[in-house]
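Here's the structure, in structure tokens; my notes come after.
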Amino acid sequence: METIYGNLKGLKSSQLKLLQRLYHQRLPGDRITTPEFSQRLAAVSAELDQPVSAYINRRGQVIRVGVGSPAQTQIPPGELPRYGTERLCGIRCISTQMKSESPSSAVLTAMAIQRLDALAVLTLSGSGFTRRGGTVAGYVQEAYLAHLVPHPEVTWTVSDPMSLEDLAEQDFVDLTEGLEEEFRRQYVAEEVDLDHDRVLLIGVQTQTVSPQRFQDGLTELTRLVETAGGEVLQVLIQKRSRPHPRTVVGDGKVQEIALTVQTIGANLVVFDRDLSPAQVRNLEGRMGVRVVDRTEVILDIFAQRAQSGAGKLQVELAQLEYMMPRLTGRGQSMSRLGGGIGTRGPGETKLETERRAIQQRISRLQREVTQLQAHRSRMRQQRQHQQVPSIAVVGYTNAGKSTLLNVLTNAEVYTADQLFATLDPTTRRLALTDAETEEPFPIVLTDTVGFIHELPPPLVNAFRATLEEVTEADALLHLVDLSHPAWQSHIRSVMQILSDMPITPGPILLAFNKIDQAESETLAIAREEYPQAVFLSASHRLGLETLRQRMIQLVRYAVVS
């Protein structure tokens, strides 16, 4: 039996049959509609005293009938044919409305979200079949024709009111082919790179976060997306007292996001906060593209950056721990896990099987991380047995830790102006000379993974072996990028993460890096607030001798205390 969508409350069985009979209609492929089909649709609408919408494919087949406007009966994005920004979806909609007025913005937005070939809106006369000058006027008083336009600033166009005969004479093939040719030209002109995600960024500003912190977070998320290989096309912001429990943003904003996705050709929506599995499912169902949160972006970067076996091990553990509660409703995405699933039990669902398989994998990875911890612990004990003091370099991501290690020790660690350029800890021996006694003073310097504001819990858990380098070091060198606008916030974030460590780290030396790029006013503020800090530029080798002597003092203080 043909399904009728929309608001069916209170409908009689005879009225449902009238709606189902619309599925048996066939329209010519070169016309938007015919007077006969339009009048039949209007008659059903008049019988129900409600708008009715019919969706027709390019073969002229009615594929969906719904009670309500196109905004109330639209096809879910996941059920629409796959198409790109250079094509329309291959479906047109003929809809009725009770008032004599141009289609509303909600109706036109629904057209744009679905990328319909065209939308014809029929206004009912309200009087049924009436005789005007000896002819039958029918139910339709006037019609409007709307369609998308390939213009960067205009999304759609709506015709002036026309007669049903004029609407029926419109050449549908000429209209759709012309539009798609224009969309293709615009697509090529934009030089769309299919190898990169085209991202729409969503920021939700609540009262619990200051405006400056919110803007800093959006700027950082933009860099995270770019580091992951995506291109941020646009940023949308909504202010709310609290996130919506189902969709994070309000219904109106969801519609705006879905429309923007279609308008700019985005294939990924990134939110500036963690999303629950239910929120991701609800948003993807409304938008028709992938939706990810900040944590998933960071996990993706870590997966790209991990080079060593230990790093890949810990990244996989973090991803599985993040994925575990998000399995329900993910559909085919679970197939990305590949093999490893055990024998199915009788009556066991696929989801339960995969959940247990993932849990087994997590347990095995946790054991391997524990073994990694033990190995690194033995290495540290050997260094301690040789009585070589150690300093761990910590700091916000992209503060220049790896660059400093390379300059001081010739370590040749990979460096780049990217977030999380290096993940694996690198330990090198550094031969210092005490300026007062002129005696050699060897230490061990360890570069650690960069910190970030609100470090995702799965990463904290998975990288505990790496972070132990911090807790086990005799002292810490906290490196700060002074050229970054949010350098003060970065200091607070790093100190918060350090304070949450299970073992209290040793004494900390604060060092401000990139002073060659910092403004003089910023440098003066930092010198005033942190008079005991060291100021340097690792890339320009400025202030390194002062840093070396201060590290000797730091280690001596740490060993004595």
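Values in this text are rule-based calculations from the coordinates and carry no lab data. As the structure is a computational prediction, the values presented were derived from the model and not from experiment. Virtual Cβ from ideal backbone geometry, glycine too; neighbours counted across all protein chains shown.
List of remarks:
- Extension reserve of the A106-D174 stretch, reckoned as 0.36 nm per residue once the Cα distance is removed: 21.8 nm
- Spatial separation of Cα centroids for region 230-258 and region 8-30, in angstrom: 36 Å
- Relative intensity, log₁₀ I(q)/I(0), of region 42-118 from a Debye sum that treats every alpha carbon as a point, q = 0.20, 0.22, 0.24 Å⁻¹: -0.86, -1.01, -1.17
- When Rg and the Kirkwood radius Rh are both evaluated on Cα atoms of region 198-318, their ratio Rg/Rh stands at 0.99.
- Net charge of Cβ neighbours under 13 Å - reference I237; Lys, Arg +1; Asp, Glu -1: +2
- Global geometry of region 2-84, whether rounded, prolate or oblate, following the gyration tensor of its Cα atoms and the 1.5 cut on a/c: oblate
- Residues of type lysines that K12 reaches as a straight line, Cα spacing below 29 Å, ignoring anything fewer than 8 places off in the same chain: K99
- The label point for K99 and the one for Q532, both projected 7 Å from the Cα toward the Cβ, are 7.0 nm apart.
- Cβ-derived FRET efficiency at R0 41 Å, R185 paired with L16, nearest 0.05: 0.35
- Proximal lysines to K514, defined as alpha-carbon separation beneath 23 angstrom and excluding residues fewer than eight positions away on the same chain: K401
- Order of M111, M323, M551, M162 under a 10 Å beta carbon neighbour criterion, fewest first: M162, M323, M551, M111
- Expressed as a fraction of 2.2 N^0.38 Å, the value expected for a compact globular protein of N residues, the C-alpha radius of gyration of region 4-189 is 1.01.
- Whole-Hz Karplus values for region 250-259 come out as x, 4, x, 5, 4, 4, 5, 5, 4, 5 Hz, taken residue by residue from phi with 6.51 cos²θ - 1.76 cosθ + 1.60 and θ = phi - 60°; glycine and proline positions read x.
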